[in-house]
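Colleague: My questions will all concern the structure given below.
The values are calculated or read from the model by the stated rules, or taken from the named source; none is laboratory data. Predicted model only: the values in this text are computed from it and were never measured. Because the Cβ atoms are built from the backbone with ideal geometry, glycine has one as well, and the counts that use them run over all protein chains shown.
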Amino acid sequence: MTLTAPAGRRQTLTAGFLAIAMAGVVGGALLFEHVGGYIPCKLCLEQRLPYYIGAPLMLVALAASAMRMPGIVVRLLILPGALLMTWGLYLGVYHSGVEWAWWAGPTDCGAVSGGSDTGGNGVLDALNNVIPPSCDEAALRILGLSLAGWNAIASLVLGAVAYWGALSRA
């Protein structure tokens, strides 16, 4: 197999799966926020960054594969997705550890604000007074894991898939 050979089926499937899965994970977080009413803390918002970058990047990798670009190009596009998921794993584990009080979190994570009184001012003025939730309290636990814990698991799985697709030649 030469460097100019087109991407294989594995890279095409990997890029497509990762694009859908990354969008699904961050979409789920947005659903919890906007439909479920869970306000994300600072660390929650940071954990979304690898997905915001990774999902479009995987679409680029999928397009490159569909255009029959050399396999090395597609693998080099998938590899940053793997690195992003490694970063996501770190962020998820870090936030989970903060929630379980294994280590201290950032000092600028505030406590939940009280009430929505705008004090006669407009809603936009009230936004300056809203304090985001504390990073050390899980807003929701599913099967004993917070959303940060589930993000760590998702990042681990997606990272493994991405490394597999990026480092294999088939």
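Colleague: So for the stretch 132-151 (the condition being at pLDDT below 95, surrounded by 11 or more Cβ atoms within 10 Å (Cβ to Cβ) and of a type in the set (Val, Ile, Thr)), does at least one residue qualify?
Modeller: Among the residues of the stretch 132-151, not one is at pLDDT below 95, surrounded by 11 or more Cβ atoms within 10 Å (Cβ to Cβ) and of a type in the set (Val, Ile, Thr), which makes the answer no.
Colleague: Looking only at residues in the stretch 95-124 that are modelled with pLDDT of 85 or more and surrounded by 13 or more Cβ atoms within 10 Å (Cβ to Cβ), which one is nearest to the chain's Cα centre (by Cα)?
Modeller: Of everything passing the filter in the stretch 95-124, His95 is nearest to the chain's Cα centre (by Cα).
Colleague: Looking only at the stretch 5-25, filter to residues that are β-branched (Val, Ile, Thr) and within 22 Å of Ala64 (Cβ to Cβ); which one of those is modelled with the highest pLDDT? Quick ask: steps written out before the conclusion?
Modeller: Kept after step one, since they are β-branched (Val, Ile, Thr), are these residues of the stretch 5-25: 12, 14, 20, 25.
Going one step further and asking which of them are within 22 Å of Ala64 (Cβ to Cβ), we end up with 12, 14, 20.
Numbers: Thr12: 89, Thr14: 93, Ile20: 97.
That would be Ile20.
Colleague: Okay, moving on. So which residues in the stretch 68-94 are over 13 Å from the mean Cα position of the chain (by Cα) and under 24 Å from Leu145 (Cα atoms), if there are any at all? So that I can check it myself, show each step before the final result.
Modeller: Restricting attention to the stretch 68-94, the residues satisfying the condition of being over 13 Å from the mean Cα position of the chain (by Cα) are 68-80, 94.
Within the stretch 68-94, just Tyr94 meets the criteria.
Colleague: Step by step: first the residues of the stretch 44-69, then only those that are surrounded by fewer than 23 Cβ atoms within 10 Å (Cβ to Cβ) and over 24 Å from Thr14 (Cβ atoms), then the one that is modelled with the highest pLDDT. Which residue is that?
Modeller: Checking each candidate, the answer is Glu46.
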